[in-house]
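Input: a single structure, listed below in structure tokens.
Derivation of every value follows stated rules applied to the coordinates shown; laboratory data play no part. In this text, all values refer to a predicted model and were calculated from it rather than measured experimentally. Cβ sites come from the backbone with ideal geometry, for glycine too, and all protein chains shown count toward neighbours.
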Amino acid sequence: MAVNKRNNSWYVNFRHNYARHRLKSPDNSKAGAEAYEALLRSKLARGEEIKSPKADKRKKEREQKFKDFAWNWFETYVKTNNKDSEISRKKYTLRTNLIPFFGETPINTITTQQVEQYKSKKLSEGLSNKTVNNHLTVLSSCMRTAREWLELDKLPKMKLLKTPPLDIDFLSFEESGRLIEHSYGVWRDIILLALNTGLRQGELQGLGWEDINWEKRELTVRHSWSEYKKGLDSPKSNKARHIPLTNEVYEMLLRRKRSYGFVFIDEKGHRFIGKRLNQEISRSCEIGGIRKITCHALRHTFASHLIMKGAPLKAIQELLGHANIQTTMRYAHLSPSSLRTAIDLLDSDMFNFENFGHYLDTSKKERINVLEVKSSAYLNKP
């Protein structure tokens, strides 16, 4: 019998038809290892394939149903690594869409064709391309984790559907002034600060007096109020950001100054509710003759106004707390100078053919030389 003990564990170790088999005994004793070796040898004699208990366990894990892995992934990974809003969104997507469709399918057999069938089904149910893409993002994240945890050989391809450009709603400078003019009390102050800092609704709710630096005339976004947790959480970007205050906002905060607590509280002295803020914004819009908007439109307005006044995209990214510049690029089309600067090149000396009139009778070679000289002078001028 070829059995041995190593690191307090019993193994079988033998050769059969020039192939070595070294496996850990499921019964951790000498007698158990000897019995396990006899079992393996009999299987090999019958031409059966032998695998270790660990390999059998891995095979079962890879063949588990999608619904079982997905909920394990949600409890173990999503709840640990995602913010509350993301946890809620993924739970809803799994429960109402992905698991009803893929739930009974073994995780290692989901194919690209099944993904395409899912897309077709959801579109036929009236869901938008963007919503279906959001579902695919959750599915892709789950499957990538499955490949890592279960060592899957391959993943299905997930081609996102084409979506129209994002329509960003923001107020003009004149509309912003009217909105503030027709607001009152703490709601006016919240709107004023939102229009001049771009804070998200949760960040406005979680802003505390300890976040105001009076000497530097800036506020620091350290927290965001989470309705899911019913308490403070980190900002969406998971890092603090510093936002300078305009004179008007600084003076408003100075009038409200307190030593502790939330900056914005309602008439009863409690932290204001997001739903109430949107109601007050809607009321002010109606009085001011402005289309109905929500608090998030104030953040879009902040970014849009900065772009329209020529602020650098990188600075706007930092002020908004965007994780990548691509998100900030949504506002780039509002820049007054980008396209104008490009077209103005046509009015430069290099392309002013009136100045080249007296060269038109020269030879082709001479004309080319003149253009090269003019182009070089233009590109190198200060």
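For the chain, modelled as a GNM with alpha-carbon contacts under 10 angstrom, which of GLU48, GLU203, GLU181 fluctuates the most?
GLU48
Helix 295-308 sits at what angle to the longest principal axis of the chain, using alpha carbons and giving 0 to 90 degrees rounded to 10?
60
What do you get for Rg/Rh over the chain if you use C-alpha atoms and the Kirkwood form of Rh?
That ratio is 1.19, to two decimals.
For segment 166-268, which chymotrypsin sites (Phe, Trp or Tyr not before Pro) are in a loop by DSSP, counting at most 15 other Cβ atoms within 10 Å?
TYR184, TRP214, TYR228, TYR260
Under the classification rounded if a/c is under 1.5, otherwise prolate if a/b is larger than b/c and oblate if not, where does segment 3-50 fall, given a ≥ b ≥ c as square roots of the Cα gyration tensor eigenvalues?
prolate
Using +1 at the Cβ of each Lys and Arg and -1 at the Cβ of each Asp and Glu in the chain, identify which of ILE191, VAL138, LEU123 lies farthest towards the dipole's positive end.
Of the options given, the answer is VAL138.
Take segment 123-247, compute every pairwise Cα distance, and split them into 5 Å bins from 0; I just need the percent in each bin.
2, 8, 12, 12, 12, 14, 13, 10, 8, 5, 3, 1, 0
If you filter segment 247-344 for trypsin sites (Lys or Arg not before Pro), then keep DSSP loop positions with at most 12 other Cβ within 10 Å, what is left?
For trypsin sites (Lys or Arg not before Pro) across segment 247-344 that sit outside H, G, I, E and B with at most 12 neighbouring Cβ atoms in 10 Å, the list reads LYS257, ARG258, LYS268, ARG291, LYS292, LYS309.
To test your reading of the geometry: what angle, between 0 and 90 degrees and rounded to tens, separates the Cα axis of helix 53-62 from the longest principal axis of the chain?
40
What list of ³J(HN,Hα) values in whole Hz, one per residue of segment 313-330 in order, does the Karplus curve 6.51 cos²θ - 1.76 cosθ + 1.60 (θ = phi - 60°) give from phi, with Gly and Pro shown as x?
My calculation for segment 313-330 gives 4, 5, 5, 5, 4, 5, 5, 7, x, 6, 6, 9, 5, 4, 5, 5, 4, 4 Hz in order.
May I ask which of LYS90/LYS292; LYS79/LYS236; LYS91/LYS292; LYS229/LYS275 have a Cα-Cα span longer than 21 Å here?
LYS90/LYS292; LYS91/LYS292
Show that you can apply the helix-only estimate: for the chain, add -39,500 (n - 2.57) for every DSSP H stretch of four or more residues, divide by all residues, and state [θ] at 222 nm to the nearest 500.
Counting only the DSSP helices, I get -14500 deg cm²/dmol.
So how tilted is helix 185-197 from the main axis of the chain? Cα-based, degrees 0 to 90, rounded to 10.
Approximately 80 degrees, to the nearest 10.
With a 10 Å cut-off between alpha carbons and a GNM built on the chain, which of LEU219, LEU232, LEU39 moves the most?
The residue with the greatest mean-square fluctuation here is LEU39.
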